[in-house]
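Novice: Got a structure for you, written out below as structure tokens; questions coming shortly.
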Amino acid sequence: MTQSVPPRVLGKVLPEEALRADLERYRELALQAGATDVAVIPASEVIIDERVRLKCLVPRCIRAGETPNCPPQGLELDLVRRALGNFSWAILFKCNVEPIEEYAPGRGTSKVEQRRVLSFHEKSGKVIDKLERQAYKDGYHLATGFGGGSCKDYLCQGLICQVLDSGRCRFPNRARPAMEAAGMDVVSMINKAGWQSYALLDDFSVVPCAVTVGIVFVC
């Protein structure tokens, strides 16, 4: 279990030693919440690349336009760059998705099989929620997380996005933009962390591993 800390004043600047201790606690918390591996990285190492955002639309992702978090809606990359430039540290993590075959698109038609495919990024979403909430409680009032994939899949199980339908999100405290939708070059970042990712081919049995990735900017 991670060590709890006394209540703190929101936004108070902490000594470097206390900050480092917090980042280590968040690394441990991410592992406890289901992450397979975690890296504490300088926020300056996060790569924003217009080509990543372009890949949401060329060829067009099946989720493009289906939520306010996905292109052509979503955050403007200039805003992302400016905002992330004000952070110093982030928690980057990955969750292995196993067994891969159970998440293959078109694997089956039963509701259980369809739900499994849609929940590919569910674990990383839960880790983000845990980290961001804890960081806020610890006084980091601007802590912000980004996940993997469309929140519509793992939260709403593919149902129509209520924000676009009625303006009211079903999960306002858990829905997050995907890292890719914000222009983050996830592949380059996880390669730098020493992790591996592979294209999910038609034959999932030959893919060494599948991962879902998330990041929380702390301070």
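Novice: If I fit a long axis through the Cα atoms of helix 16-32 and take the longest principal axis of the Cα atoms of the chain, what angle between them do I get, 0 to 90°, rounded to 10?
Specialist: For 16-32 against the chain, the angle is about 30 degrees.
Novice: Moving on. Summing Lys, Arg as +1 and Asp, Glu as -1, what charge do residues with Cβ under 12 Å from the Cβ of A182 carry, A182 excluded? Spell out each step's value before the answer.
Specialist: Details: positive: R53, R81, R176; negative: D49, E50, E76, D78, E180, D185.
The answer is -3.
Novice: May I ask you to derive the FRET efficiency for F171 and K192 from their Cβ-Cβ distance with R0 = 22 Å, giving the value to the nearest 0.05?
Specialist: Details: r = 31 Å, r/R0 = 1.42.
E between F171 and K192, to the nearest 0.05, is 0.10.
Novice: Using a 7 Å offset from Cα along Cα-Cβ at I48, what residues in the stretch 180-213 end up with backbone N under 15 Å from the label point?
Specialist: Counting backbone N atoms under 15 Å from the label point, the list is 180-186.
Novice: Still on this model: Using the count of nearby Cβ atoms within 10 Å as a rough guide to exposure, how do R8, R82 rank from fewest to most? List each step's numbers first, then the result.
Specialist: Numbers: R8 15, R82 10.
Result, fewest neighbours first: R82, R8.
Novice: Whole percent per 10 Å bin, from 0 to the bin with the longest distance: what is P(r) over all C-alpha pairs of the chain?
Specialist: Spelled out bin by bin, the chain gives 8, 32, 37, 18, 4, 0 percent.
Novice: Next question. For D203 and R82, compute 0.36 nm times the residue count separating them, minus their Cα-Cα distance, and round to one decimal in nm. Don't skip to the answer; put the middle values down first.
Specialist: Numbers: separation 121, 0.36 × 121 = 43.56 nm, distance 4.08 nm.
Taking 0.36 nm per residue and subtracting the Cα distance, the gain is 39.5 nm.
Novice: Based on a Kirkwood Rh over C-alpha pairs, give the Stokes-Einstein translational diffusion coefficient of the stretch 1-110 at 4 °C and viscosity 1.567 mPa s in µm²/s. Show your work: numbers first, answer last.
Specialist: Numbers: Rh = 17.6 Å.
The diffusion coefficient I find is 74 µm²/s.
Novice: As a test of the formula, what do you get for the chain when each DSSP H run with n ≥ 4 contributes -39,500 (n - 2.57) and the sum is divided by the residue count, at 222 nm and rounded to the nearest 500 deg cm²/dmol? Working shown, then result.
Specialist: Working: 8 runs with 69 residues, N = 219.
Per the formula, -8500 deg cm²/dmol.
Values quoted throughout were computed directly from the atomic coordinates according to the rules given, and no laboratory measurement underlies them. None of these values were measured; they are calculated from a predicted model. So basically every Cβ, Gly included, is an ideal-geometry build from the backbone, and we count neighbours across all protein chains shown.
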